[in-house]
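Here the structure comes first, spelled out in structure tokens, and everything after it is commentary.
Taken together, the values in this text are just the output of simple stated rules run on the coordinates, not laboratory data. Please read all numbers here as calculations on a predicted model, not as lab measurements. All Cβ positions, even for glycine, are placed from backbone atoms using ideal geometry, and neighbour counts span all protein chains on display.
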Amino acid sequence: MKLAIDAMGGDYAPEEIIKGSLKALDHFKDIEIFLIGKEEALKGLEGKSERLKLIYASEVIENNEASVAAIKKKKNSSMVVGLELLKKGEVEAFLSAGNTGALMAGSLLILGRIKGIKRPALAPILPTLNGATVLLDAGSNTDCDEENLFQFAVMGHVYAQKMFGIEKPRIGLFNVGTEEEKGNEVVKKAFERLKNSRLNFIGNVEGRDIPYGVCEVVVCDGFVGNAILKSMEGIAFVISQLLKEELSRNIFTKMGALLIMGGLKRITQKMDYTEYGGAPLLGISKPVIKAHGNSKAKAIFNAIKQAKNLVGNDVLRHIKEEIELTGDEISV
């Protein structure tokens, strides 16, 4: 697989992006990485690997820039150059930890949507007690109608099928209560459409249900989804900090920590978002992965692994096939 990576995107770029990319090249012998960035940032990487290609871009889209304007103005930015490589078919996927809005805007302007998809969705994977759940949308669309939510469910259905290996992934609609009559008019209409589809729809789910892993796909608009994502990340960080403080409080707690260190590491790994890499922009015509803005080498490595699986499982082709089906006819 040929993968383009934005070396300049993210809080720890380019150092951690480079480290993650080199680790992936060592681990995966069937990938070729096109690393895109300023010449001075990529200095010293020449000859590191015959499967590492350096692409120089003189501009960088910063996190505080207006999305569409930045894409249109900075034609030689690492992000735009990567998307253009993908459009031309020179690579099979593109990965960036940079400006989320710009990445979505650039993907729409340069690559376009899958035919039939009204709006693409950002689809991160959330760690849960029972494994993992894909959440969509997580911030791309703050105002959605029932058709958008239904299409998010279809894309999530395919993604969970192919990436998690689950034949009939459970679909939950995020709501303020589990009762069918709860929610605003858009959510109520989406509930009816999902209920009458051939998807494995389990009904409404509440925020407290998600960490338990009651379903493999959670559907909501981007405003709600982003709040869910950031809240879960914040809670996980706070719990981790509290545990560190308590277990290092005195000699006795430190001794206890040594005894349970193995279990703590397993728990931390299970709840670590960096284990899942990034979030695909589902609905875009070609594979684009958004890595977390504060991704370090480990997260970049796992995002590369995710991109590899996304391409290897031909997820976008399967989404296209599902969307081409009329009405609620969803193959399972």
Subset of Lys88/Lys296; Lys118/Lys162; Lys29/Lys75; Lys29/Lys265; Lys189/Lys320; Lys23/Lys265 violating a 27 Å alpha-carbon distance limit: Lys88/Lys296; Lys29/Lys75; Lys29/Lys265
Restricting the range 179-212 to trypsin sites (Lys or Arg not before Pro) in coil, as DSSP defines it, with at most 16 other Cβ within 10 Å: Lys182, Arg198
Charge dipole (the chain, unit charges on Cβ, about Cα centre) - positive-most of Ser240, Tyr212, Ala299: Ala299
More than 23 angstrom apart: percent of Cα pairs within the range 45-159: 41
Summed side-chain charge close to Arg119 - residues other than Arg119 whose Cβ falls under 12 Å, Lys, Arg +1, Asp, Glu -1: -3
Alpha-carbon gyration tensor eigenvalues x 5, square-rooted, for the range 118-281, Å: 34, 16, 14
DSSP-assigned coil residues among GluC sites (Glu not before Pro) in the range 68-150, each with at most 14 further Cβ atoms within 10 Å: Glu90
Distant-in-sequence amide H partners of Val134 (H built 1.01 Å from N, under 5 Å): Leu126, Val217, Val218
Overall Cα dimensions of the range 13-79 - principal axes, largest extent first, Å: 38, 19, 18
Coil-residue chymotrypsin sites (Phe, Trp or Tyr not before Pro) of the range 82-158, DSSP, other Cβ within 10 Å capped at 15: none
Length released on extending from Lys75 to Glu233, taking residue separation times 0.36 nm less the Cα-Cα span: 53.5 nm
